[in-house]
Amino acid sequence: MKELRPFDSFPSNIQNILVMLEEQDRKEREDGLDRLKRLRQIPRETGEFLYQFLMILVPQYQHFVGLEIGTSGGYSTLWQAMALVESGKGKLISLDHDPKKCQIASKNIQNTIASEYITLIQADAKDYIQKCQESIYYVFLDAEKEDYVEFYELLVNRLPSGAILIADNVISHEKDLNDFLNRIQNDQRVSTIILPVGKGLALVRWR
């Protein structure tokens, strides 16, 4: 008997969007498109993990608000938002500074059942975090690697006890993220584990 994966339970239009984005990512990599121009999707394995993790996390909050730093084409956004759909509550704020990528993401997200749970904002994420007045309980970080330390420093005194940060690419880009990894693994204000999921995830919990 074939094991059902989270993807199999998604509406067909969302399945089609996810597959389309996977194929676009594959083609862009094969064609050697500059990394800053690529959509750079997370692997499906990572999407499944985020979905399943949020299925556990979201019900613990009466008013759940999550933050995604790095929307790109909306691939990871849809995976996360589907957990909110299944939970029937919550909001995911997704940030990207690139107007073209925001336009692509908006087109992919609109007219899906996930759209009402997503607030897509074109903005500099660092500026947004400094001005944000909402209580954020979860952050997914998938941005330029040289910015990870600065994002962490912006978040560390703003997130409440029990909040979660998941940072992507910590195994595939371990050398580039050495300072960030040292910071989160030696900061007594948080607890950190590294998960061999996709390209490597750091799961950081505020004490």
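Taken together, the values in this text are just the output of simple stated rules run on the coordinates, not laboratory data. The model shown is predicted, which means the values in this text are computed figures rather than measured ones. Reconstructed Cβ throughout: ideal geometry from the backbone, glycine too, with neighbour counts over all protein chains shown.
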Query - Within the chain: Cβ-based charge dipole about Cα centre, in debye rounded to nearest 20 (Lys, Arg +1; Asp, Glu -1) - result: 300
Query - the range 132-193: trypsin sites (Lys or Arg not before Pro) in DSSP loop, at most 11 other beta carbons within 10 Å - result: 175
Report summary line: With only helices counted (DSSP H, runs n ≥ 4, each -39500 (n - 2.57)), the per-residue ellipticity at 222 nm for the chain, to the nearest 500, works out to -12000 deg cm²/dmol
**Report entry** Qualifying lysines (Cα of each under 21 Å from Cα of residue 101; at least 8 residues distant if same chain)
**Finding:** 27, 37, 91, 126, 145
Query - In sequence order, calculated HN-Hα J values of the range 19-35 (Karplus, 6.51, -1.76, 1.60; Hz; x Gly/Pro) - result: 5, 4, 5, 4, 5, 5, 4, 4, 5, 4, 5, 4, 7, x, 4, 3, 4
Query raised in the report: Any idea which of 94, 110, 133 is furthest toward the positive side of the dipole for the range 92-134, if Lys and Arg beta-carbons carry +1 and Asp and Glu beta-carbons -1?
Result: 110
Report task. Please tell me the relative contact order of the chain in percent, rounded to the nearest whole number, where contacts are Cα pairs under 8 Å and at least six residues apart. Result -> 17
Query raised in the report: Straight-line reach from residue 107: which aspartates and glutamates have a Cα under 15 Å away, not including same-chain ones fewer than 8 places off?
Result: 96, 98, 116
**Report entry** Efficiency of FRET between residue 193 and residue 19 - r from beta-carbon atoms, R0 22 angstrom, step 0.05
**Finding:** 0.10
Report summary line: Largest-first semi-axes in Å of the equivalent ellipsoid built from the Cα gyration tensor of the chain are 24, 20, 18
Query - Unit charges at the beta carbon, dipole of the chain: most positive-side option, 59, 77, 167 - result: 59
